[in-house]
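Report on the following structure.
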Amino acid sequence: MEGVSEGGGEEMKMVGLERLEESNMIKRIRYILSALAIGLLLTSCKQNTVDGIFIDHTLYENQSYAVNKKLRQLIHKTLEKDEKALADLTKFWCGGAAGCYDLGFIITQIILQVDWLHLCQVFQPSA
């Protein structure tokens, strides 16, 4: 009889370990899902279009929220014909290579949307 009770105790330990493993697995899954939700929330705060100007993925994905916000502000101000914003936009840190190509594309889109004569006056050297 003693052998039977010992075997039953081992089975109870095994069942307890299985439940503990299931509980740990559920916690891990919850942690992963929470991390994904937070990541999605943080990346969805960044915007890749501003007033019809498209920010391509290389520049957009490699920016923090604060940098993306600054870029969006510069784009918006430039579209409102703010000369200082245009100058700041041309000096904006793009990260090199493809990011700078994307910044050039942004500036090209702005030029196509803004009044050409106004831009010529902005870039005309002072006498």
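Would the range 70-86 turn up any residue that is surrounded by 15 or more Cβ atoms within 10 Å (Cβ to Cβ), closer than 30 Å to Q121 by Cβ and in contact with a Gly (Cβ under 7 Å, 6 or more places away or on another chain)?
Checked against the condition, which is being surrounded by 15 or more Cβ atoms within 10 Å (Cβ to Cβ), closer than 30 Å to Q121 by Cβ and in contact with a Gly (Cβ under 7 Å, 6 or more places away or on another chain), the range 70-86 yields no hits at all.
Can you spot a residue in the range 25-41 that is within 30 Å of L112 (Cβ to Cβ), surrounded by 10 or more Cβ atoms within 10 Å (Cβ to Cβ), among the β-branched types (V, I, T) and modelled with pLDDT of 75 or more? Spell out the reasoning first.
Taking the range 25-41 as the starting set, the residues that turn out to be within 30 Å of L112 (Cβ to Cβ) are none.
No, the range 25-41 contains no residue that is within 30 Å of L112 (Cβ to Cβ), surrounded by 10 or more Cβ atoms within 10 Å (Cβ to Cβ), among the β-branched types (V, I, T) and modelled with pLDDT of 75 or more.
Of all residues in the range 45-65, count the ones that are more than 18 Å from W93 (Cβ to Cβ) and aromatic (F, W, Y).
1
Name every residue in the range 48-58 that is touching a helix residue (DSSP H, G or I) at 6+ places or on another chain (Cβ under 6 Å) and either at pLDDT below 80 or within 15 Å of Q109 (Cα to Cα) (or both), in order of residue number. Spell out how you get there, then give the answer.
First, pick out the residues of the range 48-58 that are touching a helix residue (DSSP H, G or I) at 6+ places or on another chain (Cβ under 6 Å): 48, 50-51, 53, 56, 58.
Those that are touching a helix residue (DSSP H, G or I) at 6+ places or on another chain (Cβ under 6 Å) and either at pLDDT below 80 or within 15 Å of Q109 (Cα to Cα) (or both): N48, V50, D51, I53, D56.
The values are calculated or read from the model by the stated rules, or taken from the named source; none is laboratory data. On a predicted model such as this, the values are computed, not experimentally measured, just so you know. Quick reminder, even Gly has a Cβ in these numbers, built from the backbone with ideal geometry, and neighbours come from all protein chains shown.
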